[in-house]
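Take a look at the structure set out below.
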Amino acid sequence: MKKIALIIFTLLISFNAKAEIESRELLDEIFYGCASDDEDWLTTGELYEYCGCTTNVISKVLSIEDILRLGLELLETDNISEEEAERKAIATLLQNDEVTQGIVKCLGKVFE
């Protein structure tokens with residue numbers, strides 16, 4: 001987990017913090033991380049639609065600085081499993097009302 005956060009930190013250090021994330025590499029990682037989850041309650045197409053929508057929301061709402069801060073928070077946590085780190089990251093993201101509203105809209109699109 002610490003290696004992943006360190007890689008993200010290293011990749012992002014060269015980017016300027018903006019109100020919108022435009023780094024394709026970072027957004028690809030967010031999308032693939034989401035789409036790699038094996039969710040029984042979504043079909044593959046629904047999962048891809050949800051992950052694409054959620055990645056779009058994150059790209060518009062968060063800055064690279066926000067993602068760096070999240071990665072550093074996870075690095076500060078000792079002896080944490082990957083599953084616990086994922087839960088902590090999601091909980092942190094859901095503290096942002098714009099992200100939460102965006103995720104709700106994405107789920108609404110999938111279940112229309």
For this session: Find all pairs meeting these conditions: Cβ atoms under 9 angstrom apart; at least six residues apart or on different chains; first residue within the range 96-112 and under 11 Å from V57 (Cα atoms) and touching a residue at least 24 places away in the same chain (Cβ under 8 Å); second residue among the basic types (K, R) and part of a helix (DSSP H, G or I).
Result: E98/K60; G102/K60
Problem set entry | Residue list for the range 69-95, restricted to those being in contact (Cβ under 8 Å) with a residue 60 or more places away in the chain, surrounded by fewer than 16 Cβ atoms within 10 Å (Cβ to Cβ) and under 19 Å from T55 (Cβ atoms) | none
Exercise. So is E39 assigned to a helix (DSSP H, G or I) and charged (D, E, K, R) or not?
Worked result: no
Exercise. If we scan the range 68-82, do we find a residue that is under 25 Å from L42 (Cα atoms) and part of a helix (DSSP H, G or I)?
Worked result: yes
For this session: Could you tell me which numbered condition S63 fails, if it satisfies all but one of (1) in contact (Cβ under 8 Å) with a residue 40 or more places away in the chain; (2) buried (at least 18 other Cβ atoms within 10 Å of the Cβ)?
Result: (2)
Exercise. Given E98, E29, E49, which one is part of a helix (DSSP H, G or I), modelled with pLDDT of 85 or more and exposed (fewer than 15 other Cβ atoms within 10 Å of the Cβ)?
Worked result: E98
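The values are calculated or read from the model by the stated rules, or taken from the named source; none is laboratory data. Please read these numbers as outputs of a predicted model, since none were measured by experiment. Reconstructed Cβ throughout: ideal geometry from the backbone, glycine too, with neighbour counts over all protein chains shown.
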